[in-house]
Amino acid sequence: MPYKIVGISGSPVKGGNTDTFLSTVMDHAGDKGLHTETVNLAGKKIKHCTHCNFCLTRQKEDRYCSLKDDAQPVYNKLEEADIVVLASPVYFMRTSGMMATFIDRLRVFIFGNIAGGRLRNKIGISAGVSWLRHGGMETTHLSQVCAFITLDMIPATNHASISPLGASAVSSRHGEGLFEPKTRLGVNEDEAGIKSAKAQLSRALELAELIHGPAS
């Protein structure tokens with residue numbers, strides 16, 4: 001079977017630059033023969049983790065967390081994936097609050113009495129979109145790469161990118177931070193960013209084949 005890649009967008013702006021950049025990754029994955037699925041956190045109800053420790057001893061197959069919201073269906077999709085993409089806009093030199101909240105909720109895969117370890121050895125790609133070329137991109141990647149490491153996943157890194165830590169794109173022309181009202185999806189004009197997305201996906205596929213062998 002072909003590898004499955006699941007992309008998670010942590011942008012509150014539907015159809016914005018982050019969603020568009022994630023689509024670039026997923027479209028390229030589809031061209032490579034992967035089964036793709038995208039989850040947009042915008043519009044979903046994802047509550048903050050309260051560290052109630054329900055997940056340590058009381059998980060059931062259809063309920064990993066005590067909080068009742070939209071997280072469980074996303075958990076199920078992550079379990080089915082071979083490769084996971086976390087895509088976030090850069091807010092205040094870091095990943096978005098929406099993505100940070102979702103990452104906190106992945107605690108169910110660390111300590112869970114049922115789901116614990118179920119993301120182990122899956123491949124993770126960090127993707128980020130910033131306004132400035134060097135305005136918080138790597139700190140955003142570090143937040144997401146650290147999540148992969150904490151989950152015993154394997155981060156895809158590639159030195160032949162803008163940042164070795166992840167797919168990196170800008171939404172302003174050349175990353176100069178100049179506002180152009182007529183340009184809504186500036187990420188489409190960032191050729192270097194698009195190239196970095198393709199490079200990170202190629203690295204993720206290389207890692208998947210090293211671990212699992214070629215997809216049938």
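The values are calculated or read from the model by the stated rules, or taken from the named source; none is laboratory data. Owing to the predicted nature of the structure, the values given are computational and were not obtained by experimental measurement. Cβ placement follows ideal geometry from the backbone for every residue including glycine, while neighbour counts extend to all protein chains displayed.
Residues of the range 109-125 that are of a type in the set (A, V, I, L, M, F, W, C) and within 17 Å of the chain's Cα centre (by Cα): 109, 119, 123, 125.
Which of the residues belonging to the range 92-115 are touching a helix residue (DSSP H, G or I) at 6+ places or on another chain (Cβ under 6 Å), outside any helix (DSSP H, G or I) and either charged (D, E, K, R) or surrounded by fewer than 18 Cβ atoms within 10 Å (Cβ to Cβ) (or both)?
93, 94, 113
Beta carbons closer than 9 Å, at least 6 apart along the sequence or on distinct chains, pair a first residue in the range 128-149 that is modelled with pLDDT under 95 with a second that is surrounded by fewer than 20 Cβ atoms within 10 Å (Cβ to Cβ) and among the aromatic types (Phe, Trp, Tyr) for 136/91; 136/92. Taking the criterion of being under 13 Å from the mean Cα position of the chain (by Cα) and either among the charged types (D, E, K, R) or farther than 17 Å from residue 74 by Cα (or both), the residues of the range 5-19 that qualify are 18, 19.
Taken over the range 118-153, the criterion of being of a type outside the set (A, V, I, L, M, F, W, C), farther than 10 Å from residue 94 by Cα and either out of contact with any Leu (no Cβ under 9 Å at 6 or more places or on another chain) or part of a loop (DSSP other than H, G, I, E, B) (or both) is satisfied by 118, 120, 121, 122, 133, 134, 152. Within the range 35-55, being surrounded by 22 or more Cβ atoms within 10 Å (Cβ to Cβ) and out of contact with any helix residue (DSSP H, G or I) (no Cβ under 6 Å at 6 or more places or on another chain) holds for no residue.
State all residues of the range 170-197 that are under 18 Å from residue 9 (Cβ atoms) and either β-branched (Val, Ile, Thr) or under 14 Å from the mean Cα position of the chain (by Cα) (or both); if no residue qualifies, say none.
Result: 170, 187, 194, 197.
Residues of the range 193-202 being surrounded by 21 or more Cβ atoms within 10 Å (Cβ to Cβ) and either out of contact with any helix residue (DSSP H, G or I) (no Cβ under 6 Å at 6 or more places or on another chain) or free of Cβ contacts under 8 Å to residues at least 60 places away in the same chain (or both), which ones? Result: 193, 196, 200.
Across the range 203-216, the qualifying residues are those that are of a type outside the set (Asp, Glu) and more than 19 Å from the chain's Cα centre (by Cα), and the one among them that is surrounded by the most Cβ atoms within 10 Å (Cβ to Cβ) is 215.
Would you confirm, using the coordinates I've provided, whether residue 90 is in contact with a strand residue (DSSP E or B) (Cβ under 8 Å, 6 or more places away or on another chain) and within 18 Å of residue 19 (Cβ to Cβ)?
Working: in contact with a strand residue (DSSP E or B) (Cβ under 8 Å, 6 or more places away or on another chain): yes; within 18 Å of residue 19 (Cβ to Cβ): yes.
In short, yes.
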